[in-house]
Amino acid sequence: MKDIKSIDRQYVMNTYARFDLLIESGKGAVCRDDEGKEYIDFTSGIGVNCLGWCDDEWADAVSAQAHRLNHTSNLYFTEPCAALAQKLCERTGYSKVFFGNSGAEANEGAIKLARKYSYDKYGEGRSKVVTLVNSFHGRTISTLSATGQDGYHKWFFPFTEGFEYVASGDVKALANALDGACALIVEFVQGEGGVVALDRDFVAEAYAMCTAKDVLFIADEVQTGMGRTGRLLASEHFGVKPDVTTLAKGLGGGLPIGAVLAGEKAVSTLGAGMHGSTFGGNPVVCAGANVVLDRLDDKLLADVTRKGEYIRLRLESCEGVASVGGLGMMVGVLPKRKKAADIAKEAIGRGLLVLTAKDRVRLLPPLTIDAVALEKGMDILTEILKG
Ligand SMILES: *Cc1c(COP(=O)(O)O)cnc(C)c1O
């Protein structure tokens, strides 16, 4: 057969600057390339494989479900979808959930929900959605609009109207922007923006302002959710209960899923025929997500906190590190000497996969990574950072 990399380069649209690495298989926190070389994974497929590669329990549930019932459409009830919705609501305190296929789709759903909520109560003229500078909310036309980074607002005009950006921490600007708004969307830790955690006091003030003005507070937990920060939802660290939370990445443990969680305020905003998704709540995907939620118990969450502290300790005592940011096992490292992109490339050569976000090296290891792989990965990374 012809070289896989050159086939891919010829036939897959070149929207990704792929690393020169063909991954063939993986187990736990280690994967193998086409020559049998092993790599320790600090990426989780960008925060997706929270149980690591091909977790046995997850793979068994997914394959059993694939043999039983693959897809029904949302015209009918299925057990895995109902079970997942119940579990998610019971664990998070939300009332209802809408299932889609991705983070961007979840955020689109949340934006639609917020605009409808406001329209129902106040009529037209309150459609504005406020987001933060340096945020990332997805790649669709509307979620690009929601993304508070100029670099994403090119080429694809006209973008969806009605978005305004406020610098994180600027309470005055936020107060002004919230006039005429139906929603504020925040990431508690800005992932693509460089793994930057929001200030706790700013979050508290923003939340209070939204509540006072009846503006929906929407948490984009596509990356921070599902145990990544040591809590099921990152909002728990900030002591707030967003009106709406979106999830995706880690929720499916490796299969595409997105979710919009709505609290009491917005629970009946979207009715029959107002929103939908062909694949949303797919039984096979939900079977995997059910395993993810079951496994994310207090013990695993405590492990995440502990492992996150270990990662931070190793980095803070490494001389090649300028600063360390993030929360739990979502870590951003500002290197002193090397460029983040060069570090990621060098890491591949040494058998370690890491991510970048802006000028940071971004680490999102599988939540289940064992101590041996974690230590070995940190040895490799700190050596690179020092060198
Ligand atoms: C990845 C990400 C998205 C987009 O998710 P997709 O599944 O790629 O559409 C949206 N918001 C945040 C915070 C993300 O990290």
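The values are calculated or read from the model by the stated rules, or taken from the named source; none is laboratory data. The model shown is predicted, which means the values in this text are computed figures rather than measured ones. Ideal geometry is used to build each Cβ from the backbone, glycine not excepted, and the neighbour counts take in all protein chains shown. What goes into the accessible areas is simple: the full protein's heavy atoms, side chains included, and nothing from ligands, DNA or RNA. Shrake-Rupley method; radii C 1.70, N 1.55, O 1.52, S 1.80 Å.
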Within segment 235-268, the residues whose backbone N lies under 17 Å from a label point placed 7 Å from the Cα of THR211 along the Cα-to-Cβ direction are 235-245, 263-266
For ASP33 and LYS241, extending 7 Å from Cα along the Cα-Cβ vector and measuring point to point gives, in nm, a value of 5.0
Taking 209-215, 50-56, 122-128 and ranking on average Cβ neighbours within 10 Å, highest first, one gets 50-56, 209-215, 122-128
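Show me the ranking of peptides 369-376, 245-252, 301-308, 94-101 by mean Cβ neighbours inside 10 Å, starting with the highest.
Working: 369-376: 16.2, 245-252: 29.1, 301-308: 17.9, 94-101: 21.4.
In decreasing order of mean packing, 369-376, 245-252, 301-308, 94-101 become 245-252, 94-101, 301-308, 369-376.
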For LYS339, counting only aspartates and glutamates whose alpha-carbon sits under 12 Å away and dropping same-chain residues fewer than eight positions off, the answer is ASP359
Given a Förster distance of 45 Å, the FRET efficiency implied by the Cβ-Cβ spacing of SER323 and ASN74, rounded to the nearest 0.05, works out to 0.45
From the Cα centre of segment 4-27 to that of segment 78-124, the distance in Å is 34
Diffing segment 174-181: the Karplus 3J(HN,Hα) column from phi (6.51, -1.76, 1.60, θ = phi - 60°), in whole Hz with x for Gly and Pro, holds 5, 4, 5, 5, 6, 5, x, 9
Straight-line reach check, LYS172, cutoff 21 Å on alpha carbons, 8 or more apart in-chain or any other chain, hits among lysines -> LYS128, LYS213
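Report the GluC sites (Glu not before Pro) located in segment 9-60 that are in a DSSP loop and have at most 10 other Cβ atoms inside 10 Å of their Cβ, or state none.
Details: sites: GLU24, GLU35, GLU38, GLU57; in loops: GLU35.
Here the GluC sites (Glu not before Pro) that fit, given the DSSP loop and packing criteria, are GLU35.
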Applied in sequence order to segment 158-164, the curve 6.51 cos²θ - 1.76 cosθ + 1.60 (Karplus, θ = phi - 60°) yields integer Hz couplings, x standing for Gly and Pro, of x, 7, 4, 7, x, 10, 9
Sorting SER6, SER145 on solvent-accessible surface, 1.4 Å probe, most exposed first, gives SER6, SER145
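Between ASP8 and SER25, what length in nm is gained on full extension when 0.36 nm per residue of separation is reduced by their alpha carbon distance? Display every interim value, and only then the final one.
Working: separation 17, 0.36 × 17 = 6.12 nm, distance 1.77 nm.
Extending this stretch completely gives an extra 4.4 nm.
Can you quote the Å³ per residue value for the convex hull of the Cα atoms in segment 69-295, rounded to an integer? Each step should come with its number before you reach the end.
Working: hull volume 27.1 nm³, N = 227.
Output value, Cα hull per residue: 120 Å³.
Note down the relative contact order for the chain as a percent, whole number, built from C-alpha pairs under 8 angstrom at least six residues apart. Could the numbers behind the result be given before it?
Numbers: 790 pairs, mean separation 90.0, N = 387.
Computed value for the chain: 23 percent relative contact order.
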Per the helix-only model, the chain has a calculated mean residue ellipticity at 222 nm (DSSP H runs of ≥4, -39500 (n - 2.57) each, divided over all residues, rounded to the nearest 500) of -11500 deg cm²/dmol
Ranked by GNM mean-square fluctuation in the chain (Cα springs under 10 Å), the top entry among ARG312, ARG360, ARG350 is ARG350
Heavy-atom accessible area per residue of segment 88-220, all protein chains kept, 1.4 Å probe, expressed in Å², is 42
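Give me the extension gain from ASP342 to SER268: residue separation times 0.36 nm, minus the current Cα-Cα distance, reported in nm with one decimal.
Here the segment from ASP342 to SER268 would lengthen by 21.7 nm.
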Once phi for every residue in segment 211-226 is put through the Karplus expression 6.51 cos²θ - 1.76 cosθ + 1.60 (θ = phi - 60°), the whole-Hz ³J(HN,Hα) values, with Gly and Pro written as x, are 4, 5, 9, 6, 9, 5, 8, 10, 9, 8, 9, 4, 9, 7, x, 6
Placing +1 on each Lys and Arg Cβ and -1 on each Asp and Glu Cβ in segment 69-295, then taking the dipole about the Cα centre, the residue among LEU261, ALA110, LEU69 whose Cα reaches farthest towards the positive end is LEU69
Taking a straight Cα-to-Cα line shorter than 18 Å from LYS5, and setting aside same-chain aspartates and glutamates fewer than 8 residues away, one finds ASP20, GLU24, ASP33, ASP34, GLU35
The set of residues whose placed amide H lies less than 5 Å from the amide H of LYS96, leaving out same-chain residues fewer than 5 positions away, is ALA262
Cα pairs beyond 22 Å in segment 266-387, in percent, come to 47
In units of 2.2 N^0.38 Å, the Cα radius of gyration of the chain is 0.98
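Starting with the highest mean, order 106-113, 321-328 by the number of other Cβ atoms within 10 Å, averaged over the residues of each peptide. Could you put the intermediate results ahead of the total?
Numbers: 106-113: 27.0, 321-328: 19.6.
Ranking, from highest mean packing down: 106-113, 321-328.
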Given backbone amide H placed at 1.01 Å from N, residues whose amide H is under 5 Å from that of VAL321, ignoring those fewer than 5 places away on the same chain, are LYS336
So the carbon and sulfur contribution to the accessible area of segment 1-130, 1.4 Å probe, in percent, is 55
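Expressed as a whole percentage, what fraction of the accessible surface of segment 226-287 belongs to carbon and sulfur atoms when a 1.4 Å probe is rolled over the protein heavy atoms? List each step's numbers first, then the result.
Values: 1080 of 1910 Å².
Exposed carbon and sulfur together represent 56 percent of the surface.
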For PHE163, the residues 5 or more places away or on another chain with a placed amide H closer than 5 Å to its own amide H are VAL129
Contact order relative to length for segment 69-295, counting C-alpha pairs under 8 Å separated by 6 or more residues, stands in percent at 30
